[in-house]
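Read the structure below first, then the notes.
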Amino acid sequence: MGFMQFETKSVFSDPESGLEVVKIKVNGRILTGIKMDLANAPLLIFKGEKVMVGCGYLNVETLDRMGNAACIVTGVREFEDVLNAEIKAVTSKASELGVETGMKGLDVLTL
């Protein structure tokens, strides 16, 4: 996809617990992001209208078995990293929607 403008709004942030929730508006669509700080790397998840994208902590086989349209990215530490990262694994339901490995997180989330 070409250049997209987006605005981020913090919905919830608790530095003590390390939990943060944001909403990002991209071309009229709302994406919800969740970040939880863990010992070695954060857990990051984004939910779009059709597909979710999460970090490597998530198990693509379980997401697939549960019928979720989901993708996995790796090496991410911030919300922006998830949007710019390449998809590494895809569930069958996400594949049916046209998602392929190598796509960028933002492109998948705005399908």
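Consider residue 99 carefully, then state whether it is touching a Phe, Trp or Tyr at 6+ places or on another chain (Cβ under 6 Å) and not in a strand (DSSP E or B). It would help to see each step written out before you state the result.
Details: touching a Phe, Trp or Tyr at 6+ places or on another chain (Cβ under 6 Å): no; not in a strand (DSSP E or B): yes.
No; evaluated as a whole, the condition is false for this residue.
Considering only the stretch 24-62, how many residues are part of a helix (DSSP H, G or I) and farther than 20 Å from residue 107 by Cα?
Pass one, the stretch 24-62, residues part of a helix (DSSP H, G or I): 60-62.
Next cut, farther than 20 Å from residue 107 by Cα only: 61-62.
Of the residues in that region, 2 qualify.
Under 28 Å from residue 15 (Cα atoms), over 12 Å from the mean Cα position of the chain (by Cα), surrounded by fewer than 21 Cβ atoms within 10 Å (Cβ to Cβ) and not hydroxyl-bearing (Ser, Thr, Tyr): which single residue out of 98, 75, 56, 67 fits that description? Step through it out loud before you land on a result.
Working: 98 fails: under 28 Å from residue 15 (Cα atoms); 56 fails: over 12 Å from the mean Cα position of the chain (by Cα); 67 fails: under 28 Å from residue 15 (Cα atoms).
Of 98, 75, 56, 67, the one residue that is under 28 Å from residue 15 (Cα atoms), over 12 Å from the mean Cα position of the chain (by Cα), surrounded by fewer than 21 Cβ atoms within 10 Å (Cβ to Cβ) and not hydroxyl-bearing (Ser, Thr, Tyr) is 75.
Within the stretch 63-86, being touching a helix residue (DSSP H, G or I) at 6+ places or on another chain (Cβ under 8 Å) and assigned to a helix (DSSP H, G or I) holds for 64, 82, 83, 84.
May I ask you to verify whether residue 61 is in contact with a strand residue (DSSP E or B) (Cβ under 7 Å, 6 or more places away or on another chain) and among the charged types (D, E, K, R)? Walk me through it before giving the result.
Details: in contact with a strand residue (DSSP E or B) (Cβ under 7 Å, 6 or more places away or on another chain): no; among the charged types (D, E, K, R): yes.
Judged against the criteria, residue 61 is not a match.
No value in this document is a laboratory result; all are computed from the given coordinates. Here the structure is a predicted model, which means the values were calculated and not measured. Note: ideal-geometry Cβ built from the backbone for every residue, glycine included; neighbour counts use all protein chains shown.
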